[in-house]
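K.L.:
Next up is a structure, given as structure tokens.
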Amino acid sequence: MQALQGVKILDFTHVQSGPTCTQLLAWFGADVIKVERPGVGDATRKQLVDVPGADSLYFTMLNHNKRSITLNTKNETGKEVLERLVKECDVLVENFAPGALDRMGFSWERIQELNPRMIMASVKGFGPGPYEDCKVYENVAQCAGGSASTTGFLDGPPLVTGAQIGDSGTGLHLALGIVTALFQREKSGKGQKVLAAMQDGVLNLSRVKLRDQQRLAAGPLTEYSQYGEGTPFGDATPRAGNDSGGGQPGRILKCKGWETDPNAYTYFITQAAVWKKICDVIGEPDWKEKEGYATPPERLDKLNEIFERIEQWTMTKTKFEVMDICNPLDIPVGPILSMKEIAEEPSLRKTGTIVEVDHPERGPYLTVGCPIKLSDSPVEVVRSPLLGEHTDEILTSVLGYEGDELDRVRGSGAVGEVKAEAAE
Ligand code: COA
């Protein structure tokens, strides 16, 4: 038994944001039916291809545990099949460009007519306003949501982050909106529209930077390194390098081997409560009581000197030795882990956070499993579907097509040639 067992999702998503959301719902037990264009499919199937002829990792890693039906929704028979899917499913999830669903003839009004219990969930780049009609990709959202302007170093340009907070981050927001709407439907009996705009999702994740924007009115942000360095603040939240987003100063520091290993670094936080232990560990016991060093406010203008001293110590240890020494003392540190190290980490394999999956076209590959663990809803990661792999199965067992009617749909050109497409 899984948490969302019995919930049917009409998955009209593509690329990353929407597929992240429906993959999570599938992992929680929903039956996710991915609708793709015959012969084409989700564009990511053929993007960043590493094994010629096989679905890319981009696609496979975002579409586990789903079924795929190919359907041309602009063809009359295709529209008929889609109508039946709308009537049959609980949730429609889409992340088309603004207006695409209306142009297809499936406006929110029409969907409600067909199925008043339907929850229609969308990712869009922007909410209502001047940019609502724009097509949006990950980095546009990172820039428009306040992340890029607050990421990077003070003397450098804005930076985007490798974590896909615009796409995958918004997919997560949408998934929460969907399960919340499902919960409300239990009482109201009605569906509703759920919208997660990528700009809003990124801004939500950048919340502490809007906090700092308002704090600026009360004076300089004393926990930012630039305060201690005497650099004046402007009128907007500045880029803070690797400063921590909270009230405790932190930095990324070199560890043993940094000259040749680009990830031989640790994050080190000078948590006030353990200052004395830090002084002992780095060999500066005098700093425990010394004027100018003993309390957090006194240290603010000396953070560069203090972190340089700590770094002299971290450079004598590997990032893992730093962890082993500091953790028992409650000094917060974290090794900078490379993707290679993460991929090889046995504990992540054990928890199902990193999973090896077999695929008929590409063989075994690694993926990130469900990052949210429910004690009573186990997850088995199942490979992504080939294009149209489940078309027949969905037409017959989900939509009840049979006999002449099934032949008519098969012969209409609305659904693709299943095997031929899968092998393309
Ligand atoms: N059968 C027939 N037509 C189909 C179809 C199907 N099964 N599936 C999609 N289409 C059509 C759509 O109806 C649309 O046609 P239209 O432009 O004539 O209305 C067309 O395919 C293209 O869809 P679109 O969403 O515009 O794709 P795109 O590749 O041009 O744009 C995005 C991609 C991601 C920029 C855009 O979808 C978008 O802005 N989405 C919202 C924000 C978002 O999720 N961005 C991040 C993606 S990770």
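K.L.:
May I ask you to list the GluC sites (Glu not before Pro) in segment 174-280 that are in a DSSP loop and have at most 16 other Cβ atoms within 10 Å of their Cβ?
P.N.:
Here the sparse-neighbourhood loop sites are 229, 259.
K.L.:
Same structure again: Note down the relative contact order for segment 241-331 as a percent, whole number, built from C-alpha pairs under 8 angstrom at least six residues apart.
P.N.:
The normalised contact order for segment 241-331 reaches 33 percent.
K.L.:
Now, a different point. What residues have an amide H closer than 5 Å to that of residue 121, excluding those fewer than 5 places away on the same chain, when H is modeled at 1.01 Å from N in the peptide plane?
P.N.:
Here 92, 93, 94, 194 satisfy the definition.
K.L.:
Let me ask something additional. Have a look at 241, 295, 275 and report the one farthest towards the positive end of the charge dipole of segment 224-379, computed about the Cα centre with Cβ charges (Lys/Arg +1, Asp/Glu -1).
P.N.:
Selected residue: 275.
K.L.:
Treat every Asp and Glu Cβ in the chain as -1 and every Lys and Arg Cβ as +1, leave all other atoms uncharged, and give the resulting dipole magnitude about the Cα centre to the nearest 20 debye.
P.N.:
640 debye
K.L.:
Between segment 352-377 and segment 50-89, how many Å separate their Cα centres?
P.N.:
Here the answer is 21 Å between Cα centres.
K.L.:
At 1.4 Å probe size, with the rest of the protein present, what percent of the exposed accessible area of the chain is carbon and sulfur atoms?
P.N.:
Exposed carbon and sulfur together represent 55 percent of the surface.
K.L.:
Within segment 1-99, which trypsin sites (Lys or Arg not before Pro) sit in a loop by DSSP and count at most 13 neighbouring Cβ atoms inside 10 Å?
P.N.:
74
K.L.:
Among 331, 165, 33, whose mean-square fluctuation peaks in a Gaussian network model of the chain (Cα, cutoff 10 Å)?
P.N.:
331
K.L.:
Here's another thing I want to ask about it. Would you mind checking which residues have amide H under 5 Å from residue 354's amide H? H placed 1.01 Å from N; only 5 or more apart, or other chain.
P.N.:
349, 369
K.L.:
Additional query: For the chain, modelled as a GNM with alpha-carbon contacts under 10 angstrom, which of 73, 367, 316 fluctuates the most?
P.N.:
Comparing 73, 367, 316 in the GNM, the peak value goes to 316.
K.L.:
Shape verdict for segment 241-331, please, from the Cα gyration tensor: rounded (a/c under 1.5), prolate (a/b greater than b/c) or oblate.
P.N.:
Judged from the Cα gyration tensor, segment 241-331 comes out prolate (a/c at least 1.5, a/b above b/c).
K.L.:
Report the semi-axes of the equivalent ellipsoid for the chain in whole Å, largest first, where each axis is √(5λ) for an eigenvalue λ of the Cα gyration tensor.
P.N.:
In descending order, the three semi-axes are 49, 25, 18 Å.
K.L.:
Still on this model: Taking Cα centroids, how far is segment 187-209 from segment 138-172 in Å?
P.N.:
18 Å
K.L.:
At 1.4 Å probe radius, can you tell me the per residue accessible area of the chain in Å²?
P.N.:
Ligands and nucleic acids excluded, the result is 49 Å² per residue.
K.L.:
Just name one of 413, 218, 14: the one whose Cα is farthest towards the positive end of the charge dipole of the chain (beta-carbon charges, Lys/Arg +1, Asp/Glu -1).
P.N.:
218
K.L.:
If you average the C-alpha positions of segment 248-314 and of segment 325-349 separately, how far apart do those two centres end up, in angstrom?
P.N.:
19 Å
K.L.:
Count neighbours as other Cβ atoms within 10 Å of each site's Cβ, and list the trypsin sites (Lys or Arg not before Pro) in segment 168-203 that are DSSP loop with at most 15 such neighbours.
P.N.:
Passing both the DSSP loop test and the Cβ count: 190.
K.L.:
For segment 338-353, take each phi angle, set θ = phi - 60°, evaluate the Karplus expression 6.51 cos²θ - 1.76 cosθ + 1.60, and give the result in whole Hz per residue in order, putting x for glycine and proline.
P.N.:
Values per residue, Gly and Pro as x: 7, 4, 5, 5, 5, 4, 9, 6, x, 5, 6, 5, 5, 8, x, 7 Hz.
K.L.:
In debye, nearest 20, what is the charge dipole magnitude of segment 241-331 about its Cα centre with +1 on Lys and Arg Cβ and -1 on Asp and Glu Cβ, if you could check?
P.N.:
140 debye
K.L.:
Percent relative contact order of the chain, based on C-alpha pairs within less than 8 angstrom and at least six residues apart?
P.N.:
19 percent
K.L.:
Considering the dipole of the chain built from charges on the beta carbon (Lys and Arg +1, Asp and Glu -1) around the Cα centre, which of 180, 131, 91 is farthest to its positive end?
P.N.:
About the Cα centre, the residue reaching furthest to the positive side is 180.
K.L.:
If you don't mind, there's one more thing I want to ask. Report, by chain and number, residues whose modeled amide H sits under 5 Å from the one on residue 265, excluding near sequence neighbours (fewer than 5 apart, same chain).
P.N.:
255, 336
K.L.:
Enumerate the lysines that residue 350 could reach by cross-link, defined here as Cα to Cα under 27 Å, with residues fewer than 8 away along the same chain left out.
P.N.:
Those lysines meeting the cut-off are 66, 319, 340, 373.
K.L.:
Please say if segment 14-83 is rounded, prolate or oblate, where rounded means a/c under 1.5 for a ≥ b ≥ c the square roots of the C-alpha gyration tensor eigenvalues, and otherwise the choice is prolate for a/b larger than b/c and oblate otherwise?
P.N.:
Judged from the Cα gyration tensor, segment 14-83 comes out oblate (a/c at least 1.5, b/c at or above a/b).
K.L.:
Apply the a/c threshold of 1.5 to the C-alpha gyration tensor of segment 1-143 and tell me whether it is rounded, prolate or oblate.
P.N.:
Because its axes are fairly even, with a/c under 1.5, segment 1-143 counts as rounded.
K.L.:
Where is the GNM fluctuation largest for the chain (alpha-carbon springs, 10 angstrom cutoff): 322, 91, 15?
P.N.:
Highest fluctuation of the listed residues: 322.
K.L.:
So what's the back-of-envelope 222 nm ellipticity for the chain, counting only DSSP H runs of four-plus at -39500 (n - 2.57) apiece and dividing by all residues, rounded to 500?
P.N.:
Theoretical 222 nm ellipticity from helices: -9000 deg cm²/dmol.
The values are calculated or read from the model by the stated rules, or taken from the named source; none is laboratory data. Keep in mind the model is a prediction, meaning the values are calculated, not measured. Counting neighbours? That spans all protein chains shown, and the Cβs are built from the backbone with ideal geometry, glycine included. Please note that ligands, DNA and RNA were not included when accessible areas were found on the heavy atoms of the full protein model with its side chains. Shrake-Rupley method; radii C 1.70, N 1.55, O 1.52, S 1.80 Å.
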